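The values are calculated or read from the model by the stated rules, or taken from the named source; none is laboratory data. Remember, predicted model here, so these are calculated numbers, not experimental data. For neighbour counting, all protein chains shown are included, and Cβ atoms are generated from backbone atoms with ideal geometry for every residue, glycine included.
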Amino acid sequence: MHPPLRQLLLITRAMLRCTLACAMAAIAAPATAGADPQPSPGWTPDRTPDVVYIPTPQPVVDRMLEMAGVGPDDILYDLGSGDGRIPITAARRWGTRGAGIELKADLVAHAEIAALRAGVADKVRFQVRDIFEIDFSEATVVTLYLLPTLNLRLRDTLQAMKPGSRVVSHAYDMGSWTPDRVEQVGDATLYLWIVREPPTCAWIDRNDGAVQECADASAGG
């Protein structure tokens with residue numbers, strides 16, 4: 001059965017955007033292998049991607065989402081979403097609404113086409129944005145495949161999420177944060193943290209001076 005005309009038009013539009021983005025990226029690409037990556041089309045000249053894009057294998061994607069326990073009531077943000085496979089899988093299998101944040105416009109265009117083909121374009125959106133400049137306070141699940149230094153930069157923002165929110169990272173931990181679960185899928189290590197209420201702290205006077213005592217542990221210990 002042929003897809004509805006509206007879906008065909010949407011796919012065609014996304015493919016045209018993808019073709020344009022890929023062509024612009026090819027023009028801007030470095031002439032020699034190993035050169036520094038160039039800014040994505042539409043992005044500010046002084047901003048380059050923080051990581052090299054490496055797709056997460058589908059079995060790892062599936063397990064990350066299973067660890068997070070995603071469902072139709074969740075809102076998932078994938079930071080550094082690449083081709084969009086994590087939000088698309090969550091929407092297709094569990095009915096989860098989601099967003100993918102990615103610096104490279106050509107990858108965002110590919111993700112939009114993939115969402116249309118998967119029939120979940122009404123549940124997911126993709127944006128060419130900086131993960132450190134967006135508001136993802138509505139998220140109940142955040143997925144990551146970044147670098148250790150980038151994970152650490154995100155900790156304060158992740159800690160401010162609603163209690164009960166889940167954070168799943170592929171390959172890299174959060175420094176001193178103690179994960180709620182660690183699993184191995186092939187060569188990939190996956191980490192899960194559950195956001196808890198911020199610790200309740202008070203200054204206590206003692207003979208040797210005032211000290212701060214905290215009653216509750218925050219996410220990650």
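Here are some notes:
- Check on Val168, at pLDDT 95 or above, closer than 18 Å to Thr96 by Cβ and part of a loop (DSSP other than H, G, I, E, B): no
- Asp122 falls short of the stated requirement of being crowded, with 20+ Cβ neighbours inside 10 Å and in contact with a helix residue (DSSP H, G or I) (Cβ under 9 Å, 6 or more places away or on another chain).
- The number of residues in segment 160-173 being surrounded by fewer than 18 Cβ atoms within 10 Å (Cβ to Cβ), under 20 Å from Met67 (Cα atoms) and not charged (D, E, K, R) comes to 3.
- Scan of segment 104-128 for residues that are on the phi < 0 side of the Ramachandran plot and in a loop (DSSP other than H, G, I, E, B), ordered by number: Lys104, Val120, Ala121, Asp122, Lys123
- Single residue of Asp78, Asp106 found to be in contact (Cβ under 8 Å) with a residue 60 or more places away in the chain, more than 23 Å from Pro163 (Cα to Cα) and surrounded by 20 or more Cβ atoms within 10 Å (Cβ to Cβ): Asp106
- Residues (more than 18 Å from Ile131 (Cα to Cα), free of Cβ contacts under 8 Å to residues at least 40 places away in the same chain and in a loop (DSSP other than H, G, I, E, B)) located in segment 172-202: Gly175, Asp180, Asp187, Val195, Arg196, Glu197, Pro198, Pro199, Thr200
- Within the option set Ile131, Ile101, being assigned to a loop (DSSP other than H, G, I, E, B), buried (at least 18 other Cβ atoms within 10 Å of the Cβ) and under 17 Å from the mean Cα position of the chain (by Cα) holds for one residue only, Ile131.
- Within segment 134-156, the set of residues being over 15 Å from Trp193 (Cβ atoms) and assigned to a helix (DSSP H, G or I) comprises Thr149, Leu150, Arg153.
- Residues considered: Pro87, Pro55, Pro49. Of these, the only one that is under 13 Å from the mean Cα position of the chain (by Cα) and part of a loop (DSSP other than H, G, I, E, B) is Pro55.
- The residues of segment 120-147 that are of a type in the set (Asp, Glu) and either in contact (Cβ under 8 Å) with a residue 40 or more places away in the chain or touching a Pro at 6+ places or on another chain (Cβ under 6 Å) (or both), listed by number, are Asp130, Glu138.
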